Amino acid sequence: METSNRYNRQIILPEIGENGQQKLAESKVLVIGAGGLGSAILPYLASAGVGEIGIADHDVIEISNLQRQVIYKTSAIGKSKAKEAKALISELNPLVKVKAISEKLSGKNALSLFEKYDIIVDATDTISIKYLINDACLITNKPMVYGSIFRFQGQVSVFNYQNGPTYRCLYPDENSNALNCEDAGVIGVSVGIIGMLQANEVLKMILGIGEVLSGKILVYNTLNNEQQKYGFEKNEFKSVDREAFEEKYNKAEIEELNFVSVLDEINNQNVLFLDVRNIHESPKISLQHQIQIPLMNLEKEIEKLDKNQKIYVFCQSGIRSKIAVELLQKHQFKNAKSIAGGALAMKNILKEEMI
């Protein structure tokens with residue numbers, strides 16, 4: 001009785017009915033990312049009655065997230081996103097089985113994780129992770145529901161659906177330095193709209209209704225309410241097999257160092273501290289041998305750096321710095337390492353040193 005009452009408004013739709021509701025109950029969906037996009041996707045999948053939902057996110061809630069990640073409360077700052085999201089959607093619909101996966105998606109866990117679910121939803125804002133999700137979906141033969149935001153513009157598409165075009169067919173350049181929300185800025189309603197469109201694609205695939213955005217990308221602009229839908233073809237590219245996947249994604253992790261461990265090197269002229277944040281970001285860090293090159297400009301200005309120097313890279317919290325180190329390594333910089341915790345951790349340590 002509870003099931004029929006809870007889902008009555010969608011069961012009475014002729015496209016869904018009792019059979020469609022059963023399909024939803026038997027489905028398993030993995031959402032990668034419980035940030036802005038995930039905050040819109042997760043409640044709608046749960047309230048529709050998707051039987052099992054996995055939430056993969058290794059991050060914790062910060063105060064700057066609350067402007068767009070609307071499923072979290074101020075009191076949850078510092079807590080695990082995956083666990084807090086699980087608690088919310090379990091309360092929203094206790095009939096749904098929810099698993100919180102508080103670990104970073106990587107080449108080591110992606111394949112085994114994806115094999116447990118029917119549909120994979122990309123709710124991330126990092127280009128390298130999107131390629132990882134795409135390639136893992138290809139190997140495990142899972143559709144990938146893609147969403148992306150750039151300022152006031154959002155994109156939605158479905159990749160690898162019934163052997164259709166993939167993310168690499170649309171974006172073959174893996175070395176793109178596209179900005180994420182932290183760098184470019186974003187308004188909360190934009191991620192909300194795109195996230196709900198992603199949830200809609202998931203439901204259509206499960207129910208077998210409507211037209212899935214396979215081989216098409218929907219572009220929506222929240223400033224002028226214009227939207228366009230573009231078609232794209234499946235391209236021939238070197239297929240991704242398990243051996244190639246392992247070689248690409250399971251190479252050595254980017255080495256991170258605690259700032260305390262390099263304090264004795266801050267006056268060493270053979271050491272350079274590279275700040276890859278944008279110019280306006282705080283807290284300000286001022287070290288004797290330091291240079292600032294925003295991540296988006298790093299490849300264009302890489303000649304400013306000396307390959308013979310030891311380079312310690314930092315950003316705001318330690319995410320962009322690892323991307324920067326990976327880029328430097330591609331350009332044969334052998335002595336580049338990321339500072340864990342970024343400028344936020346560095347500032348606290350520098351204050352302690354001055355006391």
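Residues that are open to solvent by 20 Å² or more (accessible area, probe 1.4 Å), assigned to a loop (DSSP other than H, G, I, E, B) and under 27 Å from Glu115 (Cβ atoms): does region 85-92 have at least one? Taking every residue of region 85-92 in turn, none turns out to be open to solvent by 20 Å² or more (accessible area, probe 1.4 Å), assigned to a loop (DSSP other than H, G, I, E, B) and under 27 Å from Glu115 (Cβ atoms).
On the given criteria, is Ser47 modelled with pLDDT of 95 or more and in contact with a strand residue (DSSP E or B) (Cβ under 9 Å, 6 or more places away or on another chain)? No, not satisfied. Might you let me know whether region 256-279 holds any residue that is open to solvent by 20 Å² or more (accessible area, probe 1.4 Å) and under 30 Å from Ile139 (Cβ atoms)? Yes: region 256-279 contains one or more residues that are open to solvent by 20 Å² or more (accessible area, probe 1.4 Å) and under 30 Å from Ile139 (Cβ atoms). The condition of being modelled with pLDDT of 90 or more and either acidic (Asp, Glu) or part of a helix (DSSP H, G or I) (or both) holds for Ala324. Among the numbered conditions (1) of a type outside the set (Gly, Ala, Ser); (2) closer than 17 Å to Ala199 by Cα; (3) open to solvent by 70 Å² or more (accessible area, probe 1.4 Å), the only one that Thr124 does not meet is (3).
Within region 295-309, take every residue that is open to solvent by less than 70 Å² (accessible area, probe 1.4 Å) and without any contact (Cβ under 8 Å) to a residue 60 or more places away in the chain and give me the one that is farthest from Asn268 (Cα to Cα). Here the answer is Asn297. Remark: Ser102 matches the filter, which requires a residue to be under 22 Å from the mean Cα position of the chain (by Cα) and among the small types (Gly, Ala, Ser). In summary, Ile32 fulfils each of the numbered conditions (1) within 30 Å of Gly78 (Cα to Cα); (2) open to solvent by 10 Å² or more (accessible area, probe 1.4 Å); (3) not charged (D, E, K, R) with the single exception of condition (2).
Glu115 - would you say it is acidic (Asp, Glu), under 30 Å from Ser282 (Cβ atoms) and free of Cβ contacts under 8 Å to residues at least 60 places away in the same chain? Here the answer is no, as Glu115 does not meet what is asked.
The values are calculated or read from the model by the stated rules, or taken from the named source; none is laboratory data. Values in this document were obtained by computation on a predicted structure and should not be read as measured data. For neighbour counting, all protein chains shown are included, and Cβ atoms are generated from backbone atoms with ideal geometry for every residue, glycine included. For the accessible areas, the whole protein counts, side chains as well, though only heavy atoms, and no ligand, DNA or RNA atoms are used. Shrake-Rupley method; radii C 1.70, N 1.55, O 1.52, S 1.80 Å.
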